[in-house]
1. So is residue 23 touching a residue at least 40 places away in the same chain (Cβ under 8 Å) and open to solvent by less than 30 Å² (accessible area, probe 1.4 Å) or not?
2. Within segment 48-73, how many residues are open to solvent by less than 70 Å² (accessible area, probe 1.4 Å) and outside any helix (DSSP H, G or I)?
3. In segment 1-19, which residue that is in contact with a Leu (Cβ under 8 Å, 6 or more places away or on another chain) and part of a helix (DSSP H, G or I) is most open to solvent (accessible area, probe 1.4 Å)?
4. When both residues are 6+ apart or on different chains and their Cβ atoms are under 7 Å apart, which pairs have a first residue that lies in segment 91-109 and is open to solvent by 70 Å² or more (accessible area, probe 1.4 Å), and a second that is at pLDDT below 95?
5. Which residue, of 209, 164, is within 30 Å of residue 62 (Cβ to Cβ) and within 16 Å of the ligand (Cβ to nearest atom)?
6. If a residue must be of a type in the set (Gly, Ala, Ser) and either surrounded by 14 or more Cβ atoms within 10 Å (Cβ to Cβ) or touching a residue at least 40 places away in the same chain (Cβ under 8 Å) (or both), how many such residues does segment 256-267 contain?
7. In segment 60-76, is there at least one residue being over 26 Å from residue 201 (Cα atoms) and in contact with a helix residue (DSSP H, G or I) (Cβ under 8 Å, 6 or more places away or on another chain)?
Amino acid sequence: MTELSTEHFNKLSQQIYLRLGLLFEDKKSYFLQKRVEKRMELLGLDNPQEYVFQLCYADPDGKEMQALANLITTNETYMCREYEQLEAFANCCLPEVLSAKQARGEEKLRIWCAGCSSGEEAYTLAIMLQEIFPQSQFWNCEIVATDIDENMLAQATKGRYWWRSVREVPAEYLDKYFVKEGESYLVRPKATGVVRFQHLNLHDRTAMRNMRNFDFIFCRNVLIYFDDLSRKTAVDHFYNSLNKGGYIYLGHSESIGRISSAFKLKRIEGHLVYAKE
Ligand SMILES: C[S@@+](CC[C@H](N)C(=O)[O-])C[C@H]1O[C@@H](n2cnc3c(N)ncnc32)[C@H](O)[C@@H]1O
């Protein structure tokens, strides 16, 4: 394929930014070129100009952008990732929210795992919830796990993982929550039962407005691929999606202090968390 010219790259990256909120800087032009080549081959196109036209002007239902999104997202994840932060959630914020609910006679808990990739984070949360709060099985508990990448969601729904994904899972949980089948680990129904996977673009206003009444949002290692503006748009939606008294968790290297003052920043067991008061 002819190399992507600067003009092609600019048009494509602008379109990706507008529709997905993802920032592709110049240094990523080789990466994008390789993904576009794949799409062009499948579509039988020879000239990058034709692809630019198709993506920017002839994609009314968003199918081509979705196909490209499946190729350009970074999906790195594994069970119990950044575990100390999850422990702080399980030791402090989760019990706090649960007791407030119990005091009000509520028996409903909703967690949103935004940018769940192949599902490991959502299942980790399901396991922690059962361990910390076994009564959750009598409550109306739901972990809604969303991602834009259709391939990742298909993998997530299967709940079947290789060692690489479960390597950090404490041995006692590995026996209790996984069935070993050959070289793979299948998540048991007691952890899959509360998780529901859903396709969602964090940059889609209408879809984001439908996400309501969550007690916790985990959006870890996702917003690093956005710029400040698209990050702020997503975070403003998260604010509206959270119940009062709810919390949002980001990845270790991420912060929203600079882009939003709506949340109260708290340090709990050494980890930063954003509260909606
Ligand atoms: C690096 S993974 C993070 C997985 C998990 N949260 C973790 O911390 O291990 C980032 C995920 O964000 C998803 N993502 C990127 N842009 C998105 C968007 N606009 N809408 C929804 N998901 C998006 C990607 O598809 C990818 O699966």
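The values are calculated or read from the model by the stated rules, or taken from the named source; none is laboratory data. In this text, all values refer to a predicted model and were calculated from it rather than measured experimentally. Here the Cβ positions follow ideal geometry from the backbone for every residue, glycine too, while neighbour counts run over all protein chains shown. Each accessible area value is taken on the protein alone, full model and side chains, heavy atoms only, with ligands, DNA and RNA left out. Shrake-Rupley method; radii C 1.70, N 1.55, O 1.52, S 1.80 Å.
1. no
2. So the count comes out to 4.
3. 17
4. Correct list of pairs: 91/269.
5. Testing whether each residue is within 30 Å of residue 62 (Cβ to Cβ) and within 16 Å of the ligand (Cβ to nearest atom) leaves just 209.
6. 2
7. no
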